[in-house]
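This report concerns only the one structure given below.
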Amino acid sequence: MNNLMNFRKTVMRILKILIIASLTFCFIQTWVTNYTSSLFSRNGNYVVIFSFVFMLFIFCALYGAFKIGVYRIHELVYSFTLSILITNFLMYLELSLIAREMIKITPLFISVLFEILIAFIGCYCANTVYFKLYPARRLVAIFDDDATGFSLINRMSRIPERFKIERGVNINSYTVEQIKKYILQYDGVLICDIDKNLEKELYGFCYANGKRIYMQPAITDIIINHSYEIQIGDTPVIMSRNRGLTTEQAILKRLMDLLISAIALIITSPFMLIAAIAIKLDDGGPIFFKQNRITKDGKIFNVLKFRSMIVDADKDGAKKAEVGDNRITKVGKIIRACRLDELPQLINVLKGDMSLVGPRPERIENVYEYSKAYPEFELRHKVKGGITGYAQLYGKYNTSPKDKLNMDLIYIETYSIIQDIKLIILTIKILFMKESTEGFDSSANANVRAGNSTQKTGE
């Protein structure tokens, strides 16, 4: 079994290396043919090649271009495309520096198009090979509540190449022994928020029988997963510090916020000016939109955004943006899609109300409603709210409050400056991903206000 797994991993590594090698060859051909003024006489050329491979590898790793079999084909191609564009832009600057003049961009632009084509073919072939080597696992889903179970099953079923959930088992309709018999018939089990005692028993059963487990983490799982193991005599103990950011981390984070937000404001000021003029010309209303949000330690502040909805959009009561929401203006649709409406929050960062990276600060009404359904929701306020964050990158606008809470707690528990830098770079990836700004269903707002099944089902 181990030999088979090693063989599969080796095949996938070779495919990834071939993709990188093909992209590098395409760049070298363009460089040698069209940019002779940027060539060295001897070993300096190897440094240029190494810098291309190094940068391409780093950005591919950051944007998930190597997650073959995990991401869908269009997500892989998008990740490779973004990595190729950034790498070639940096190489253009490097080659211009070597040549001591701004070199022609046309040959490199054509090279980029060929590289994207190579990436597409490589991703398609690698994905095909992956699913031949790793066929979809047959799973049984075990849940307590039908709505919760079916919601997660539907999400996993959107990736049929990886998961085949062939049976759903409600624990209220079967005995423990019957559930165990079902588990033995499949490759793995999906456990969806069931009684903790039964969950513990099934974990032990799956471990003993070599069955893979997929689960939705609870708050305690996230905290324990990032705890430390210590030994007290002959007794192992798990320790969780639960202190949030250290003083040193908080100081470094603030310095990074000040530096990056100031630079970002200067760079984006032309786009902000265009957005402001467009909003004013569209309906003559105010350019900015202010709203009370909650940040670290429950502090209330005014978040600043470009207005993307009609004036008095919440006159009939606060509610989230829905699919096809007629409150969103024509200009609003554009700036929301490009995330330009978020840029004024850089001013909030400079003032110290927010951080560049952190849990998304929620409006007061939402915090009140979500906290009724999930008392742990207040734990997000151990750090400052951010413009971007773990939940914004790996979730969507309409991701359920419970899933956002879990992702935000993962961010807090695993915080580091390096992670913040990584998340800022990753933010570029989602700027033009339509699904990341997908609105709620119209029924979601009613459910949130009622505090009922939306929180429970995650829809």
task = Starting from segment 378-391, keep only residues that are free of Cβ contacts under 8 Å to residues at least 40 places away in the same chain, then list their pairs with residues that are surrounded by fewer than 24 Cβ atoms within 10 Å (Cβ to Cβ) and small (G, A, S) whose Cβ atoms are within a distance under 8 Å, requiring at least 6 positions of separation or different chains.
result = none
task = Tell me, yes or no, whether segment 65-82 has at least one residue that is open to solvent by less than 80 Å² (accessible area, probe 1.4 Å) and over 28 Å from the mean Cα position of the chain (by Cα).
result = no
ask   = Does segment 351-402 hold any residues that are part of a helix (DSSP H, G or I), open to solvent by 20 Å² or more (accessible area, probe 1.4 Å), more than 23 Å from D341 (Cβ to Cβ) and of a type outside the set (A, V, I, L, M, F, W, C), and which are they?
value = Y368, E369, S371, K372, P375, E376, E378, K382, K402
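Answer with yes or no whether V11 is open to solvent by 20 Å² or more (accessible area, probe 1.4 Å), within 29 Å of the chain's Cα centre (by Cα) and under 20 Å from I116 (Cβ atoms).
no
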note = Of the conditions (1) assigned to a helix (DSSP H, G or I); (2) open to solvent by 50 Å² or more (accessible area, probe 1.4 Å); (3) at pLDDT below 95, the single one that I121 does not satisfy is (3)
query = When you go through I58, I86 one by one, which is the residue that is buried (at least 17 other Cβ atoms within 10 Å of the Cβ), within 18 Å of K422 (Cβ to Cβ) and not hydroxyl-bearing (S, T, Y)?
reply = I86
ask   = Within the set of pairs 6 or more residues apart or between chains, which connect a residue that is free of Cβ contacts under 8 Å to residues at least 60 places away in the same chain and among the aliphatic types (A, V, I, L, M) inside segment 274-298 to a residue that is open to solvent by less than 90 Å² (accessible area, probe 1.4 Å) and in a strand (DSSP E or B) with Cβ atoms less than 8 Å apart?
value = A276/F306; I279/F306; I287/F306
task = Tally the residues that are under 24 Å from the mean Cα position of the chain (by Cα) and among the charged types (D, E, K, R), restricting the search to segment 127-163.
result = 4
message = Report every pair of residues separated by at least 6 positions or lying on different chains whose Cβ atoms are under 7 Å apart, first residue within segment 404-416 and of a type outside the set (A, V, I, L, M), second modelled with pLDDT under 85.
response = K404/G395; N406/P217; N406/I222; E413/I222; E413/I223; E413/H226; T414/H226; Y415/L245
task = Would you point out which residue out of A141, A147 is loosely packed, with under 15 Cβ neighbours inside 10 Å and not polar (S, T, N, Q)?
result = A147
request  = Could you check, for segment 223-231, whether at least one of its residues is among the β-branched types (V, I, T) and either within 23 Å of the chain's Cα centre (by Cα) or in a helix (DSSP H, G or I) (or both)?
outcome  = yes
request  = Could you grab me the full set of residues in segment 265-317 that are in contact with a helix residue (DSSP H, G or I) (Cβ under 9 Å, 6 or more places away or on another chain), over 28 Å from R380 (Cβ atoms), at pLDDT 90 or above and open to solvent by 40 Å² or more (accessible area, probe 1.4 Å)?
outcome  = F271, I274, L281, P286, I287
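The values are calculated or read from the model by the stated rules, or taken from the named source; none is laboratory data. Treat the numbers as computed from the prediction; the structure is a model and nothing was measured. Every residue, glycine among them, receives a Cβ derived from its backbone with ideal geometry; neighbour counts consider all protein chains shown. Just the protein is used for accessible areas: all its heavy atoms, side chains included, with ligands, DNA and RNA removed. Shrake-Rupley method; radii C 1.70, N 1.55, O 1.52, S 1.80 Å.
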